[in-house]
Structures are given as C-alpha cells and as structure tokens.
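Take a look at the following structure, please.
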Amino acid sequence: MYTISDEIKNQEYNKLQVNKLVKTDALEILNISLEKDAIFPEHTAPTDAQLIVLEGRIIFHINGKSYFISGHQHFSFPKNVPHWVSAEENSKFLIIR
C-alpha cells in the first residue's frame, strides 16, 4: 500500500488548524498550521514528542522559557509539561509522538 497525500500542502492558514495525518498503536503524526499571530493554547502532550517546523517561524513556550523555531528545525519536548505555541508568521509544523 503506497499513498501520496497533499494534506500538508493544502492545509490552510486560518487561525489554528490541526490535522491527524497518521494514527497507529505506536505512533501519531499531527500536521498543524498556525496563522501569523495565532495561538495554540496551553496543553500537554500525552507522550514525549518531536516538533518539526516545515515552514514559518513559531515561538514554543514551556517551563517559563520561549524557544524560537523556524523552518527545517527540530525541537523535542517531554510529556505532561504544559506548553503553548504562538506564530510569528504563517507556519506549518509536524508533531510526532
């Protein structure tokens, strides 16, 4: 089974958009688009997670610190720690957990 999907490319910038690309017993991949100046409200991750910015520039806020992450950069963060994300420009990123 081979498939090609344009879901990431076609996901619009309209505030916050979350699309589940893959869900298995072992893995979940979320595609997130965040419009400039939009906020992904505070939440926690159920597992340790990896964030990969595909395009744009975001600020990842966790434990009182802010991390500026831009296109083609990777960021790791632990489960159960409250965090939130703001977009400095239209941005798309993947969450792999």
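Can you confirm whether Lys36 is among the basic types (Lys, Arg) and touching a strand residue (DSSP E or B) at 6+ places or on another chain (Cβ under 9 Å)?
Details: among the basic types (Lys, Arg): yes; touching a strand residue (DSSP E or B) at 6+ places or on another chain (Cβ under 9 Å): yes.
In short, yes.
Only strands (runs of 3 or more DSSP E) wholly contained in the chain count here; list those with 2 or more residues that are in contact with a helix residue (DSSP H, G or I) (Cβ under 9 Å, 6 or more places away or on another chain).
In the chain, the matching strands (runs of 3 or more DSSP E) lie at 16-23, 28-34, 91-96.
Which members of region 35-52 meet the condition of being surrounded by 13 or more Cβ atoms within 10 Å (Cβ to Cβ) and farther than 17 Å from Ile96 by Cβ?
Glu35, Lys36, Ala38, Ile39 - these are the residues of region 35-52 that are surrounded by 13 or more Cβ atoms within 10 Å (Cβ to Cβ) and farther than 17 Å from Ile96 by Cβ.
Continuing with this model, one more query. Somewhere in region 53-75, is a residue open to solvent by 70 Å² or more (accessible area, probe 1.4 Å), of a type in the set (S, T, N, Q) and modelled with pLDDT of 95 or more? If you could, list the steps in order and put the result at the bottom.
Taking region 53-75 as the starting set, the residues that turn out to be open to solvent by 70 Å² or more (accessible area, probe 1.4 Å) are 55, 57, 63-65, 67-68, 72-74.
Next cut, of a type in the set (S, T, N, Q) only: 63, 73.
If we keep only those that are modelled with pLDDT of 95 or more as well, we get 63, 73.
Yes, there is a match, as at least one residue in region 53-75 is open to solvent by 70 Å² or more (accessible area, probe 1.4 Å), of a type in the set (S, T, N, Q) and modelled with pLDDT of 95 or more.
So which pairs qualify, if the first residue must be in region 69-82 and more than 12 Å from His43 (Cβ to Cβ) and touching a residue at least 12 places away in the same chain (Cβ under 8 Å), the second must be acidic (Asp, Glu) and open to solvent by 30 Å² or more (accessible area, probe 1.4 Å), the Cβ gap must be under 7 Å, and the two must be at least 6 apart or on different chains?
As it stands, the answer is Gly71/Glu55; Pro78/Asp48, since those pairs meet every condition given.
Hey, could you check region 76-97 for residues that are open to solvent by less than 30 Å² (accessible area, probe 1.4 Å) and among the aromatic types (Phe, Trp, Tyr) and say which is farthest from Leu30 (Cα to Cα)?
Only one residue tops the list, namely Phe77.
Taking the stated definitions as given, is Ile29 in contact (Cβ under 8 Å) with a residue 40 or more places away in the chain, among the hydrophobic types (A, V, I, L, M, F, W, C), out of contact with any Ser or Thr (no Cβ under 8 Å at 6 or more places or on another chain) and open to solvent by less than 60 Å² (accessible area, probe 1.4 Å)?
yes
The values are calculated or read from the model by the stated rules, or taken from the named source; none is laboratory data. For clarity, every value in this text was computed on a predicted model and none was experimentally measured. Virtual Cβ from ideal backbone geometry, glycine too; neighbours counted across all protein chains shown. Surface accessibility is based on the protein's heavy atoms, side chains included, excluding ligands, DNA and RNA. Shrake-Rupley method; radii C 1.70, N 1.55, O 1.52, S 1.80 Å.
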